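These notes are about the structure you will find just below.
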Amino acid sequence: MIYNFNEKNIPVLLQVGSKAKALIETTNAGFPVPEGIVLSVEFFKTWLEAVKSSEQFKTALLSTTKENCDSVKTIALGMRFDDAQQQEVDKYVSSLKGHIFAIRSSSPEEDLEGKSFAGMYETYLGTKRDDIEKIVVLTFSSCFDYRVMDYKKKNGLTLQNTSIAIIIQRQVESDVSGVGFSLNPLNNAYDEVVINASFGLGETIVSGTVTPDMYTYDFVKKNIIEKKVNTKEVGLWIGENGSIIEKENIQKDKQALTDEQIVKLSTLIKNCEKHYGKPMDIEWAFENDVLYLLQSRPITTYLPFFKEFLTKPGESKRFYIDLMILTQGFDEPMSVLGMNLWSEMLYIIKGGMMSFQVNGTAPTIYGREYISITAYQKVAGKRNANKFLDNYDGNLKKIFEGINLNEHPYKGRPDGTKGFVKKTFKIFLGMLPVVLKSVFADYNEVIKDYKRTTDNIIINTRKLNKDVNFKEISEVIVTNIYSLMSKTALIFAGMIAQRSIKKMFKGENIESELIALNMDLDGNPTSEMGNLLFYMACTSDFKKVSSREDFVKKAENRKYSSEFLKLYDEFMEKFSVRGFKEIDVASKRIYEDIGILYDKLIEINTDENQILTVEEKREEVYNKLLKISKEKGKEKKFVKAAMKLKATFGYREHPKYMIVCIYAMLHKICLEIGEKWVIEGRLEDKYQIFDLKIDEISRAQRDHKFDLMKVREKNLEGYKKVEHVTEWPLVIDSRGKIYKPKLELKDGDIIGDSIAPGKVVGKAKVLHSPYEKSLYPGEILIARMTEPSWTPIFTNAVGVIMEIGGPLQHGGIIAREYGIPCVSGLVGIMDIVKDGDLLEVDGYNGVVRLLER
């Protein structure tokens, strides 16, 4: 029923809990743990049976209210040691040194990875021998506290399994104490130890009574890299007879730990991490300059960066930029098959420059894709690497201004990049005829040629079916996409026209007007989709719809007017292939759930919407520039360039739309194959096919004995390790360190990057997903980043602020197309601005002003 800390046979977690188990393990491993014992779960068996058999506990199971939990706790507080328990406690406690003890819980559910129960169970310091029974009862009762019971229920833990073990440990009369982390919890750096320290007992830190010192130690370079010495007004101390005394610290502004103690403690913390093989959070104390380990537990809130990307401590680092966040505007990982298809496609159309191997320039792993900027610099050169950092997102420029990439050279050649120069040149030669034709010939013919190509690709893709080997299907799709890329050179006509207009008005200080010419462009499928959604939302048919179910039922039975059905049919033909995370072949499409269309339509504000004024805004800007061009004698030149810009530049979004269309057709084929395998008993659900790779699907088609579920499970192993991560960093290095730009403040203004011109004032609405809550008239949208599924929300906003998203990301393009003032490059602003705050968005200068909270 009771275990000593020096037990050679480590008891199981279910008997002693994670906290006590760790103390026994670290004692056995030779760590300086104060001696103690643990009353096991078995010790409390009769107490637990008595509580759980009560009517009060049964009531609390059904309704876990504070009142019901308090009734259960009252029963627990009535427990007492029986003779056998008392004899065992007396026997074990008599072997411990000292006259006062620390008593704390060690629930089997406490301090597990992902379930911390931080601060919920009770700890009692300075307990005298005669008070042990009373304090053990109090500690036991804490496992029925409302906070604990409610937390367990919300986290899916069964209340019926409630159990507890209790630690009795020699009380360390600490001079200095605190907590320590074997990685830096502020930036995730694996090589940095962070220590919080204050005078006296550590409870002042846990309770927040004082602001402790914070020291950061670089364990690789063996030096203290930061000290924050704070004023520690009071401390808790052990008085006579075990009483806890709070008194003012005499040297409250003094550094709590000496530099030598910081180094010694950092070594202990890292040794603890080494022992467990995972990042650890410990409690520690110095008593008469002797260091003690009081507790150790896994750190529950850190990003376990992929081990395949990690370099060894002290080696040259690699720096990774998350391409999904940067270019596609979503955090969620892509499916196994989705990433397999996407990475192979990018590799081919980028001529081998974007190599997806782990040691490549654009490595992919477990549904994520990165740019290894160190590998990219090795292949493309410093100039091109810097150009990449400057062009995509303002945050990157700010981050890498503080990183010297020259100090971290990439050794060897990145995998998969051999011969990329020849491949790139071949792609260039393939695009050259279209470039020349779009610049020097009739661009309308180039557009017609592009549309013929896209029509043929759709026809070719529709010929594919589930009976064709999947490897062949994927090769046809990649070939089609590759052929499409040679035709996308038509946007060069728009780019050159834009450059020509810019040169024409040089010195006229009309940058904003030039950007505004990008509104209402032809050929942009995303803005065309936005327009169709708006027109459907405006119809009287839709305004009469009472619910999602009503909308779906009427659509399926075609119970709408011819006006609405015409818009609906056009939308379904062109855009029902779209959806959230649409570049992933696994993602659900609108045609699979028409209710998704309702979700979009219901959020559109038809009275005050940017679509109502976008044509007018562009016309106004066009006429202003036309007037200036007349004065310059360049009217014909301007008109011709402006027409070319409007006709061609919107097509920059079209290739991605085509890829989405192709993937949507492949999505159908995959589900047909998956459905067949479900019938055959090879898969449990047809959507599980997206957890397989191209070659695995192909092999399974040939080999009916190929174990799909086993392969699927293996593919998902890496996903499961990071499934708890909801927000991925934009930049991280190969030692797990996360880099964030500091928000630049100037006279109270928040400085970002200008994405779309204009200046507006409105109330803030912070959205983490497009349909999280409604965006009302006059509100300013604040989002981390966006992708095409945000379009209906975008058109409601009077202004847009994004944490991440350069001019080439979806959000930037749509903001300019609809003439919505937009500022980006503001990582961290979602933590500062709250719903309802009055803001000014200055899209001319890239400035956000907080006018009123």
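Details
- Solvent-accessible area per residue in segment 120-190 equals 35 Å², computed with a 1.4 angstrom probe and all protein chains kept.
- Charge dipole of segment 441-520 (Cα centre as origin; +1 on each Lys and Arg Cβ, -1 on each Asp and Glu Cβ, all else neutral): 180 debye, rounded to the nearest 20.
- On the basis of the beta-carbon distance and an R0 of 56 Å, residue 623 and residue 479 show a calculated FRET efficiency of 0.75.
- Degrees separating the helix 83-93 axis from the principal Cα axis of the chain, which is the longest one: 80 degrees
- Pair residue 723, residue 749: separation of 7 Å Cα→Cβ label points (nm): 4.8 nm
- Taking every alpha-carbon pair within segment 180-256, the share separated by more than 22 Å comes to 33 percent.
- Per-q log10 I(q)/I(0), the chain, q = 0.06, 0.09, 0.10 Å⁻¹ (Debye; single scatterer per alpha-carbon; no solvent): -0.53, -1.06, -1.22
- Per residue accessible area in Å² of segment 278-400, where ligands, DNA and RNA are left out and the probe is 1.4 Å: 34 Å²
- Residues residue 849 and residue 440, FRET efficiency given R0 of 60 Å [Cβ-Cβ distance, rounded to 0.05]: 0.80
- Heavy-atom accessible surface of the chain: percent carbon and sulfur, 1.4 Å: 50 percent
- For residue 12 and residue 50, the FRET efficiency from 1/(1 + (r/R0)^6), where r spans their Cβ atoms and R0 equals 22 Å, is about 0.40.
- Over 25 Å between alpha carbons, listed pairs 740/765; 228/317; 448/644; 422/574; 21/278: 228/317; 422/574
- Surrounding net charge for residue 417, when Lys and Arg each add one and Asp and Glu each subtract one, Cβ distance under 10 Å: +3
- Rounded to 10°, Cα long-axis angle of helix 382-392 versus longest principal axis of the chain: 90 degrees
- Environment charge of residue 734, counting only residues whose C-beta is closer than 15 Å and scoring Lys/Arg +1, Asp/Glu -1: +2
- Burial order of peptide ranges 127-139, 239-251, 194-206, 659-671 (average beta-carbon count within 10 Å, highest first): 194-206, 659-671, 127-139, 239-251
- Accessible surface calculations at 1.4 Å, restricted to protein heavy atoms, place segment 598-744 at 52 Å² per residue.
- Taken along the Cα-to-beta-carbon direction at a fixed 7 Å, the label points for residue 206 and residue 574 span 6.3 nm.
- Taking packing as the residue-averaged number of other Cβ atoms within 10 angstrom, the listed peptides 3-9, 173-179 run from highest to lowest as 173-179, 3-9.
- Placing unit charges on the Cβ atoms only, positive for Lys and Arg and negative for Asp and Glu, gives segment 586-732 a dipole magnitude near 1280 debye about its Cα centre.
- Folded to 0 to 90 degrees: helix 708-721 orientation relative to the chain principal axis, Cα: 70 degrees
- Semi-axes of the equivalent ellipsoid of segment 701-853 are 36, 19, 14 Å, computed as sqrt(5λ) over the eigenvalues of the C-alpha gyration tensor in descending order.
- Per-residue ellipticity at 222 nm from helix content only, as computed over the chain with -39500 (n - 2.57) for each DSSP H run of at least four residues, stands at -13000 deg cm²/dmol.
- Listed residues 813, 836, 802: farthest to the positive end of the dipole of segment 794-841 (Cβ charges): 813
- Using every pair of distinct Cα positions in segment 215-331, the Kirkwood expression returns a hydrodynamic radius of 18.0 angstrom.
- Estimated inter-spin distance, residue 675 and residue 643, nm [label 7 Å along Cα→Cβ]: 5.0 nm
- Three-way shape call for segment 40-167 based on the alpha-carbon gyration tensor, with the a/c threshold at 1.5: prolate
- Computed about its Cα centre, the charge dipole of the chain is approximately 3700 debye, with only Lys, Arg, Asp and Glu carrying charge at their Cβ.
- Counting 0.36 nm for each residue step from residue 702 to residue 66 and taking away their Cα separation leaves a gain of 222.9 nm.
- Environment charge of residue 134, counting only residues whose C-beta is closer than 13 Å and scoring Lys/Arg +1, Asp/Glu -1: -1
- With kT/(6 pi eta Rh) evaluated at 20 °C and eta = 1.002 mPa s, and Rh the Kirkwood radius from Cα pairs, segment 382-538 diffuses with a coefficient of 106 µm²/s according to Stokes-Einstein.
- Put simply, segment 93-229 fits an ellipsoid with semi-axes of 30, 22, 13 Å; these come from the alpha carbon gyration tensor as the roots of five times its eigenvalues, largest first.
The values are calculated or read from the model by the stated rules, or taken from the named source; none is laboratory data. On a predicted model such as this, the values are computed, not experimentally measured, just so you know. Virtual Cβ from ideal backbone geometry, glycine too; neighbours counted across all protein chains shown. Areas reflect the complete protein model, heavy atoms only, side chains present, ligands, DNA and RNA absent. Shrake-Rupley method; radii C 1.70, N 1.55, O 1.52, S 1.80 Å.
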